[in-house]
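Please treat every number below as a calculation from the coordinates, not as lab data. Remember, predicted model here, so these are calculated numbers, not experimental data. Note: ideal-geometry Cβ built from the backbone for every residue, glycine included; neighbour counts use all protein chains shown.
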Amino acid sequence: MVALDLSRDLGFDSADLGSISAIWFAAFALSQFPVGFLLDRHGPRRTMGGLMLVAVIGAALMAMAQSLADCLIGMALIGIGCSPVLMSSLFVFGRFYPPERFAMMAAWMIGLGSLGSLISASPLAWSIMTFGWRTSLAITAFLTALSVIFCVIVLRDPPRDAAAGQQSGLWQGITRILTIRALWPLMPITFFSYACVVATRSLWITPFFRDIFHYDLTELGHVAFLMSAAMVVGALVYGPLERVLQSPRLPALWSGFLTAAFFLALGFYGPRHALLALVLLCCIGAVGLSYGILMTHAKLFFPPDLLGRGVSLLNFLFIAGAGVVQYASGQIIQRATSAGLDPETLYARLFYC
């Protein structure tokens, strides 16, 4: 939502914005390996409480940023600080609750976590218009600090597995997981399934409606809000759907096929009709967030003493894919703009890719 403000105030182009967004995903993804080890060794309370302080520093730096380097460092720190949040939740679910409840709880956690996308839409747009983007980011830093305090006070570590963090170190554990052949087909699906959806929502939905349909900031906030709401609903539906079908495989496969079909339709019809584009984006958000289903399927193959490193490895693939797509899409937009393509053709090619 602050992409337009960064372009205006700091002179960033599409490639710069893509890099800023991508570095968050890169930092988040690379942090998954130590996060998994720390969860297995020390539990979620200290892991999450300590690393979230890094996110507070990053958000404060973003609020004061004067250059591309400031933004890159700030976003990297935010990515590191956010890296243990979802994994700690999945770790707790895996240790405290029976396996048949994992998909439902993961879906609800992802759905609730996606509410942050709602806050980053219309409410954030209102805050930016009222207080400015710097003050809005400073408020975000303050709220994150409150979350750290809440986490340390309320969160309790689950019982530890006797072998956790002792039989193997960080990379030895990752190597053991990578030798599990049942996980191999899931890895490329995991890498690409989430990437295009989150890149569209976090980076390109607002420029798309601004450049083609000339929406103002309030309208852009509403559009982003609706896609985020669809993502929340979709994430919440996957848990019950998995229990009804008694298998995560079919929902995961259909999610991929339908998401690809909706992106093709968006590239062909979206630049011509604003309402149809919005409907297609909501469909993409609703069916494309298959994170919980894929994680549930993969968890079946993780040894108990490697649960933290296992879920973190899968999360690395999710987020690394998103970072690669964020960066690549920024380069596509920048080169297409330099080539003089009109916005309709430019965004159509982006969605086709």
3J(HN,Hα) from dihedral phi, region 27-40, Karplus parametrisation 6.51/-1.76/1.60, rounded to Hz, x for glycine, proline = 5, 4, 5, 5, 6, 4, 5, x, 4, x, 5, 5, 5, 5
Helix 249-269 sits off the longest principal axis of the Cα atoms of the chain, rounded to the nearest 10 on a 0 to 90 degree scale, by 10 degrees
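Charges only on Cβ, +1 for Lys and Arg, -1 for Asp and Glu: so what's the dipole of region 183-336 about the Cα centre, in debye to the nearest 20?
On the way: 8 positive and 5 negative charges, 46 e Å.
For region 183-336, the charge dipole is close to 220 debye.
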Would you look at the GNM of the chain, springs on alpha carbons closer than 10 Å, and say which of 290, 136, 228 moves the most?
-> 136
With θ set to phi - 60° and the Karplus curve 6.51 cos²θ - 1.76 cosθ + 1.60, what are the ³J(HN,Hα) couplings of region 11-18 in order, to the nearest whole Hz, using x for Gly and Pro?
-> x, 7, 9, 4, 5, 4, 4, x
Treating only the Cβ atoms of Lys and Arg (+1) and Asp and Glu (-1) as charged, compute the dipole magnitude of the chain about its Cα centre; round to the nearest 20 debye.
-> 980 debye
Tell me, what is the percent relative contact order of the chain, built from C-alpha pairs under 8 Å that lie six or more residues apart?
-> 30 percent
Read-out volume of the Cα convex hull per residue in Å³, derived from the coordinates shown; its label in (1) 141; (2) 187; (3) 122 | (3)
Nearest 10 degrees, 0 to 90: helix 133-154 Cα axis against the chain principal axis | 10 degrees
Take each of the peptides 314-322, 186-194, average the number of other beta-carbon atoms within 10 Å over its residues, and list them starting from the highest.
-> 314-322, 186-194
